[in-house]
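The values are calculated or read from the model by the stated rules, or taken from the named source; none is laboratory data. Here the structure is a predicted model, which means the values were calculated and not measured. Here the Cβ positions follow ideal geometry from the backbone for every residue, glycine too, while neighbour counts run over all protein chains shown. Surface areas here come from the heavy atoms of the whole protein model, side chains and all, with no ligands, DNA or RNA. Shrake-Rupley method; radii C 1.70, N 1.55, O 1.52, S 1.80 Å.
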Amino acid sequence: MTKGVLLIGYGTRKGNLEEILGRQLARLEARGRDRIYLAYFRVSEPSIEDALRRMAADGVDEVLAVPYYIAEGRLTYELIPGKMGVPIGGNGETVVDGRKVRVSMSPAFGMTRVLFNILCDRIAESGCGKDDGILVIGHGSRDVSSSNRAIIAMNADRLRKIGYSHVAYAFNEFDEPAIGDAVSGLVSEGVEKIAVLPLFIAMGVHLCEEVAEKIGIPPYSDGGDIDAGGRKVSVRYMRPVEDDPRLLELIDSEIADFYGD
C-alpha cells in the first residue's frame with residue numbers, strides 16, 4: 001500500500017487560509033514527510049475530489065485525511081467524507097478513477113490543550129493581565145452536532161480557573177451570547193482593557209469585517225479604543241490560531257502513527 005496525507009481546509013475567498021496551509025505543508029515536507037497534498041471543502045482549489053484524483057494518479061491507495069478545523073461537526077463527520085466517497089465518520093474505501101483507495105479521517109483540533117495554550121500566548125502578546133477583560137470568540141454553528149460551542153466555553157472556563165477575573169465568550173453567528181452583549185458585560189465589570197481572542201483558524205471576512213464591527217473597532221485592525229457607556233475601553237484584537245507550530249506537531253503526530261513511525 002502506498003500512503004499519502006490530505007490536509008483539508010474549509011476554503012476562502014478573502015483570507016489567509018491558503019497561505020497558512022501552504023506553510024504547514026512546507027514544514028511537513030521539510031521534515032521529510034512525502035506525499036502530502038492540500039484540498040479545500042469549498043471555494044479554494046484544489047477541491048477534495050480533485051486532490052483525491054491527483055493522489056490516485058500518483059499511486060496513493062491509502063489516505064489519511066486531516067481536517068484543519070477547530071471543531072468537529074457535520075463538516076468533518078459527514079460532508080467531507082461524502083466528498084471523498086466514504087461513509088459518515090470518514091473511514092472506508094472509495095474508488096477514484098478506477099483505483100481502490102482506503103481513507104481514514106483524523107480528528108479536528110477540538111478539545112486539545114494546544115488551543116488553550118495558544119490563547120494564553122495571545123493574552124501575553126496583548127499586554128493584558130488577569131484583572132483585564134478577556135473575550136474568547138467562536139464562529140458559532142447551526143449544526144447541533146458541532147463541538148464549536150463546547151470548545152469555546154471550555155477554554156473560557158479554563159482561563160477563569162487559572163485566575164483571570166473577567167472572562168466572557170461569544171459567537172459571531174448562530175449561537176449566543178452575541179459579541180456586543182459579551183463586550184457590554186465585560187465593560188459593566190469595570191475593565192479598562194479587553195483582549196479579544198478569536199478561536200478561529202484564519203483571518204477572513206468574518207474576523208476582519210464582521211467581528212470587528214460588532215466589537216466597535218476599525219475593520220482590518222488590531223484593535224482600538226471603543227466608547228462603552230461614556231467610558232473609553234482599549235481593545236486588543238489578537239490573531240487566530242493560524243499556522244501555530246504546535247498545531248503542526250499535532251498533525252505530524254497523526255502522520256507518524258499513520259506511517260507507523
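Computed values, structure above
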quantity	calculated
Distant-in-sequence amide H partners of THR12 (H built 1.01 Å from N, under 5 Å)	SER44
Relative packing of 131-138, 234-241, which averages over residues the other C-beta atoms within 10 Å, highest first	131-138, 234-241
Protection-proxy order for peptides 209-215, 173-179, 223-229, each taking the mean of Cβ atoms within 10 Å per residue, highest first	209-215, 173-179, 223-229
Selected from ILE48, PRO107, ILE8, residue furthest toward positive end of dipole (the chain; charges at beta carbon)	PRO107
Segment 97-175 - percent of accessible surface contributed by carbon and sulfur, probe 1.4 Å	47 percent
Three-way shape call for segment 1-137 based on the alpha-carbon gyration tensor, with the a/c threshold at 1.5	prolate
Three-way shape call for the chain based on the alpha-carbon gyration tensor, with the a/c threshold at 1.5	prolate
Residue-normalised accessible area of segment 148-261, expressed per residue, 1.4 Å probe, Å²	44 Å²
Segments 44-54, 101-111 sorted - mean Cβ within 10 Å per residue, highest first	101-111, 44-54
Average accessible area per residue (Å²) across segment 1-98 - probe 1.4 Å, nucleic acids and ligands excluded	44 Å²
Rounded to 10°, Cα long-axis angle of helix 245-259 versus longest principal axis of the chain	20 degrees
